[in-house]
Amino acid sequence: MKIAIVVGTRPELIKMAPLIKEMKKRDNKHLFIHSGQHYDYYMDGMVLDIFELAKPDYNLQVGSGSHSMMTANMMMQLEKIILKENVDKIVVHGDTNTTLAGGLTAAKMNIPVAHVEAGLRSKDKSMPEEINRIIVDHLSSYLLSPTADAINNLKKENISSGIHLVGQTIVDSIDWLNHINHYDVLTKFILKHKGYFFITVHRQENTNDLMKLQSIIRAIKQMTLLENYQVVLSLHPRTKKIIQENNMLQQLSIDKLLILDPPPNFYETIQLQKHAKVVVTDSGGLQEESCIVNTPCVTLRENTERPETVKCGANIIAGYQVENIMKAIHDSLLKSTNWKSPYGEPGVSSNIMDIITERK
Ligand code: UD1
């Protein structure tokens, strides 16, 4: 049996790296296919380096473009590779355009699809990610869900077979960091333990709506006015491009704001979250990671597909308005941080590989 894992963006690579390593360890003939949706060293190569992953067997080099262009380009190339390599099963992760392209191409060729992180729902179909998740879940044979909440979402949509509760692969990704050479991230960035807020913003619904982006920048400014705290912004290339194109750079030259451009690597991002007083983000991955390292999170969205982070007390959904963000920050400062992570224990990737290869 030949399996192919298809990934393409930074978060997919981070969360699938342990599974790719496990797959290659079991049999090197299985394929690691990279769509090239993310291509900058800081979004791509740096992740391969941290996880000591060999180069992909194929890189489709689709780069950036409209959603349809990217998806169609990936599908055309994937179809050829699947035929040439006689691939028996395709594994995709999460909710990106790469996930959709991998899942849809395989389904059209009657090849079983395994969807890692199945069942997440924001209930907001204006998000491209929500559309991608729903479609891929409905055409997958293996639905590898991180939590019971995710499984409930699948059942509500009448998906009843092939579902497995496996936990979150990010737990393995964070565990892998024990293998790498540690260095002191606080010293590197001249920060104090619990003396700063760590912010990331990249989602289309925040960055492509200038009114929302301006509002988030105003909130960042207010955070810098809070005594005793610095503010650290990790800059995603999409956000950087929009800020530059709209001459908004000046608005970010704020005292006590440290901009990390290029964005820090995965090890540093986890350390920066661990030592932060509060994580402020619109990323799904950071909602999970901050929950796992027991730092409160304020989410810059109106909804989340990670409700378990809210239920366990780790996360507050604040949206983009300044007063709501600042209220959530103040509430987070008072919070106790002893919640238990809902995402499981290391070993998730090995379990997933057993399921896909039908050892279980
Ligand atoms: C994609 C995913 C999103 C995920 C995010 C993580 C979709 C629909 N969205 O969003 O779910 O949370 O990745 O980063 O697939 N760019 C670069 N260099 C890169 C990659 C991107 O400069 O290596 C810039 C380009 O200007 C590009 C823009 O970022 O047009 C957006 O990239 P894209 O992959 O379309 O979406 P993300 O916002 O990264």
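Residue count for segment 51-65, restricted to those that are within 15 Å of the ligand (Cβ to nearest atom) and of a type outside the set (A, V, I, L, M): 6. Against the test of being touching a strand residue (DSSP E or B) at 6+ places or on another chain (Cβ under 9 Å) and polar (S, T, N, Q), the options Gln287, Gln321, Gln271, Gln251 yield a single qualifying residue, Gln287. Asn294 - would you say it is under 24 Å from Asn228 (Cα atoms), at pLDDT 95 or above and surrounded by fewer than 21 Cβ atoms within 10 Å (Cβ to Cβ)? So Asn294 fits the description; yes.
Residue-by-condition table, conditions (1) aliphatic (A, V, I, L, M); (2) in a helix (DSSP H, G or I); (3) free of Cβ contacts under 8 Å to residues at least 60 places away in the same chain; (4) touching a helix residue (DSSP H, G or I) at 6+ places or on another chain (Cβ under 9 Å):
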residue	(1), (2), (3), (4)
Ile242	yes, yes, yes, yes
Leu258	yes, no, no, yes
Ile270	yes, yes, no, yes
Ser290	no, yes, yes, yes
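Among the residues making up segment 167-225, those that are among the charged types (D, E, K, R) and within 19 Å of Gln273 (Cβ to Cβ) are Asp172, Asp175, Asp184, Lys188, Lys192, Lys194, Arg203. Number of residues in segment 234-253 that are over 24 Å from Met326 (Cα atoms) and under 19 Å from the mean Cα position of the chain (by Cα): the value is 2.
Residues in segment 1-20 that are buried (at least 19 other Cβ atoms within 10 Å of the Cβ) and closer than 14 Å to Met353 by Cβ were compared, and the one that is nearest to the ligand (Cβ to nearest atom) is Met16. What are the residues in segment 199-233 that are more than 16 Å from the ligand (Cβ to nearest atom) and either of a type in the set (Ser, Thr, Tyr) or within 21 Å of the chain's Cα centre (by Cα) (or both), if any? Within segment 199-233, Ser215, Thr224, Tyr229, Val232 meet the criteria.
So, in segment 21-50, of the ones that are of a type in the set (S, T, N, Q) and within 20 Å of Leu100 (Cα to Cα), which residue ends up nearest to the ligand (Cβ to nearest atom)? Selected residue: Gln37. For segment 318-348, give me each residue that is of a type in the set (S, T, N, Q) and closer than 30 Å to Thr169 by Cα. Of everything in segment 318-348, those that are of a type in the set (S, T, N, Q) and closer than 30 Å to Thr169 by Cα turn out to be Ser332, Ser336, Thr337, Asn338, Ser341. The set of residues in segment 1-57 being aliphatic (A, V, I, L, M), in contact with a helix residue (DSSP H, G or I) (Cβ under 8 Å, 6 or more places away or on another chain), in a helix (DSSP H, G or I) and closer than 21 Å to Asn351 by Cβ consists of Leu13, Ile14, Ala17, Leu19, Met23. For first residues located in segment 14-33 and acidic (Asp, Glu), partners that are surrounded by fewer than 19 Cβ atoms within 10 Å (Cβ to Cβ) and lie 6+ apart or on another chain with Cβ distances below 8 Å form the pairs Glu22/Ser350.
The values are calculated or read from the model by the stated rules, or taken from the named source; none is laboratory data. Small disclaimer: the values here were computed from a predicted structure and weren't measured. For neighbour counting, all protein chains shown are included, and Cβ atoms are generated from backbone atoms with ideal geometry for every residue, glycine included.
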